[in-house]
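The values are calculated or read from the model by the stated rules, or taken from the named source; none is laboratory data. Since this is a predicted model, take the numbers as computed values, not measurements. Cβ coordinates were reconstructed from backbone atoms using ideal geometry, including for glycine residues, and neighbour counts include every protein chain displayed. What goes into the accessible areas is simple: the full protein's heavy atoms, side chains included, and nothing from ligands, DNA or RNA. Shrake-Rupley method; radii C 1.70, N 1.55, O 1.52, S 1.80 Å.
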Amino acid sequence: VTASSLVARALGGDRRALARLLTWTCSRRPEAAEALDRLDVRRRRGPGSPLVVGVTGPPGAGKSTLVDALVARSRALNRRAAVVAVDPSSPRSGGALLGDRLRMERHALDPSVFVRSVSSAGRLGGLALPVYDLVDIFDAVGFDEIFVETVGVGQSETGVLEVADVVALVLSPEAGDDVQVAKAGIHEVADLAVVNKADRAGADRLVRVLRAERPSRPALRTVASTGEGVEALGAEIEARHRALCGPMRAEWDRRRADGREAHWLEIVADAARRTALAQARAEDLAELRAGTLSPGRMAERGR
Ligand SMILES: Nc1nc2c(ncn2[C@@H]2O[C@H](COP(=O)(O)OP(=O)(O)OP(=O)(O)O)[C@@H](O)[C@H]2O)c(=O)[nH]1
Ligand SMILES: [Mg+2]
C-alpha cells in the first residue's frame, strides 16, 4: 500500500484505510509523513474547520462517559464525530483502554463516529504524543467535531490540549480532585468548568468554588451517565465556538498559530530525540545509565 492510495481511500470514506493511516501515524512510520503532507494540502482552516474540544480532568471524573454523551448529541444533530483518547495506562495492562472501548460501544457500528486511543505510557525517549497529526487526519477526512480526552495530570498528557479550540475541565465532587488538577495548572487553560457526577453530594459546593475562582468562566453541572446537563454543555461549547469565529477571532487565530508552532516543535523534538538515541554510543549510554557519565557530558560528546 502506498501513502497516496491510502490517503485517497481514507478521503473516500474507507474506515479501514483511515484506521491504517492512524496506526502508521501513531507508530511514526516514515510513510506517515508523506501521507500527512498529502492531507495537509486539503486541510481546511478557520471557520468551517472542525471544532476541536479538549476534555480534561482527574482520573475517573467521567471524561469518557461525558465524551460519549457529547458524541451521542453530535450524532443526534447529524454531525460526524471523532475521539482521540489519550490513555496513560500501559497498552499491555489494557485496563482503561478496554474500558473506553466498551463505553464507546454504542457508537461502534456508526460509520460517522471514529474513536482512537493513544497510550502515553512508555513512550521511548519521551516521544511526543501524535495528537496533532491524528486531529489533522480527522479534520482532513471530514469529521465535524473532534474530541480529545486526556487526563489532567502529567506533562505529555496535558500538553496535547494546545490542539483544542475549546477546553472543558471535568471535575467530580469527590474530595481531592480540586487540589490535584489545580496543581497541574489545568485550571488556567480551561474555557469551561464542568462538575460531573452532579447526582452526588458536594456538586453545588464545587460549582460555587469554581465560580468564585473565576467568575467569567461558565461552570456547569452534568450527570454524564444519564445525559443530564449534556445538552447545556454542548450548547455552551458551541457558544464558545461561535465567539471564536466572531468577536474572539483574533484569539482563535492566535491559538491556532500557537498550536501550529507547538506541532512543529513536537516534530523537530521527536526527530532530535530519535537521532540522539540512534547515534549514542553503547559504551556512553552504559556509563550514563550507571551514573559514571553525566547527562551534560554525554550531550557534549554527541555534538
Ligand atoms: N454517579 C455517576 N457516575 C458517573 C457519572 N459519569 C461517569 N460515572 C462513572 O464514573 C466512572 C468513571 O467514568 P469514566 O468516564 O471512565 O471517567 P474518566 O474520567 O474517563 O476516567 P479515566 O479515563 O480513567 O481518567 C464510571 O464508572 C462511570 O460510569 C455521573 O455523572 N454520575
Ligand atoms: Mg477515560
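The table below lists the values:
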{"item": "Residues that are within 16 Å of ligand 1 (Cβ to nearest atom) and over 17 Å from T65 (Cα atoms), drawn from segment 206-252", "result": "L206, V207, A219"}
{"item": "Residues of segment 20-30 satisfying the condition of being within 16 Å of S119 (Cα to Cα) and not in a loop (DSSP other than H, G, I, E, B)", "result": "L22, T23, W24, T25, C26"}
{"item": "Verdict on R116 being modelled with pLDDT under 80 and either open to solvent by 40 Å² or more (accessible area, probe 1.4 Å) or among the hydroxyl-bearing types (S, T, Y) (or both)", "result": "no"}
{"item": "Sole residue being open to solvent by 60 Å² or more (accessible area, probe 1.4 Å), free of Cβ contacts under 8 Å to residues at least 60 places away in the same chain and in a helix (DSSP H, G or I), chosen from R273, R200, R205", "result": "R205"}
{"item": "Complete set of residues in segment 56-102 that are more than 14 Å from ligand 1 (Cβ to nearest atom) and either at pLDDT 85 or above or of a type in the set (F, W, Y) (or both)", "result": "R73, S74, R75, A76, L77, N78, R79, R80, A81, A82"}
